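These notes concern the structure reproduced below.
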Amino acid sequence: MSDFEFSLAKIRDVPEILRLYRSLIGTPGCTWSEDYPNTKIAEEDINNGSLYVLRNDGEIVAVASMSADFGDNLRRFEWYSAKPCEMARLGVAPSMHGRGIGAHMMRMLAQAARDRGFDGMIMLATKQSTAAFALGEKLGYFQHDDVTLYDVRFRRFELVLFV
């Protein structure tokens, strides 16, 4: 995957990021809609330095946020990590499914989290998101109990990072 470029997203990337997000609506396990994630969320993630993209030949093929500011909904749960960040809104372009792009993106995010001083990365995945479950297992994420947030049932995942 040496021909892929991993970087922080820029405001000029928002239209392409939103197209990628929209292309995933209706896929198994995806809870997104035309209203979420939206321009405001993408711009806030970019302004907070927490939205990352993976490019292939200049085209965004994957996107995800990685943030320490994941709110009280997740802070109330017990985690193994003392200083975790949350990976959220991971999306891989449908044309790139099945090529290991999601795993590559998650590995790159884990390295970026280590570089930023986090000792863990947490994520939520819907029970129907078999791809997220498989990736979590493949990459060594611990599976915590299921929770209901935003009227959706999720499994909590955590990767302990050694910094």
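The values are calculated or read from the model by the stated rules, or taken from the named source; none is laboratory data. All figures in this text were calculated on a predicted structure; none of them were measured in a lab. Cβ sites come from the backbone with ideal geometry, for glycine too, and all protein chains shown count toward neighbours.
Keeping to region 68-123, report how many residues are more than 19 Å from ASP45 (Cα to Cα) and among the polar types (S, T, N, Q). Here the count works out to 2. Could you give every pair whose Cβ atoms fall below 7 Å, whose first residue belongs to region 109-127 and is over 14 Å from LYS83 (Cβ atoms) and in contact (Cβ under 8 Å) with a residue 60 or more places away in the chain, and whose second residue is among the hydrophobic types (A, V, I, L, M, F, W, C) and in a helix (DSSP H, G or I), counting only separations of at least 6 or pairs across chains? Hits for this filter: ALA125/ALA132; ALA125/PHE133.
Somewhere in region 55-68, is a residue surrounded by 15 or more Cβ atoms within 10 Å (Cβ to Cβ) and at positive phi? Checked region 55-68: no residue is surrounded by 15 or more Cβ atoms within 10 Å (Cβ to Cβ) and at positive phi. Scanning region 1-31 for residues that are free of Cβ contacts under 8 Å to residues at least 12 places away in the same chain and either under 21 Å from THR130 (Cβ atoms) or not charged (D, E, K, R) (or both) gives SER2, PRO15, ILE25, GLY26. Just one residue in the set ILE41, ILE25 is surrounded by fewer than 16 Cβ atoms within 10 Å (Cβ to Cβ), at pLDDT 95 or above and at negative phi; that residue is ILE25.
Residues being more than 27 Å from HIS144 (Cβ to Cβ) and of a type in the set (A, V, I, L, M, F, W, C) are represented in region 47-56 by at least one member. When you look at ARG107, is it basic (Lys, Arg) and in a loop (DSSP other than H, G, I, E, B), yes or no? No. The set of residues in region 110-128 being of a type in the set (Asp, Glu) and in a strand (DSSP E or B) is empty.
To keep it simple, each residue is scored yes or no on (1) of a type in the set (Ser, Thr, Tyr); (2) within 23 Å of ALA103 (Cβ to Cβ).
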site	(1), (2)
ILE25	no, yes
TRP32	no, yes
TYR36	yes, no
GLU43	no, no
ASN47	no, no
VAL53	no, yes
VAL63	no, yes
SER67	yes, yes
PHE70	no, yes
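VAL160 fulfils the conditions (1) over 15 Å from the mean Cα position of the chain (by Cα); (2) on the phi > 0 side of the Ramachandran plot except for a single criterion, (2).
Just give me the residues in region 123-159 being surrounded by fewer than 18 Cβ atoms within 10 Å (Cβ to Cβ), of a type in the set (Gly, Ala, Ser), closer than 18 Å to ALA64 by Cα and touching a strand residue (DSSP E or B) at 6+ places or on another chain (Cβ under 8 Å), in sequence order. Selection gives nothing. Please verify whether PHE162 is assigned to a loop (DSSP other than H, G, I, E, B) and surrounded by 15 or more Cβ atoms within 10 Å (Cβ to Cβ), treating the condition exactly as stated. Against the criterion (assigned to a loop (DSSP other than H, G, I, E, B) and surrounded by 15 or more Cβ atoms within 10 Å (Cβ to Cβ)), PHE162 does not qualify.
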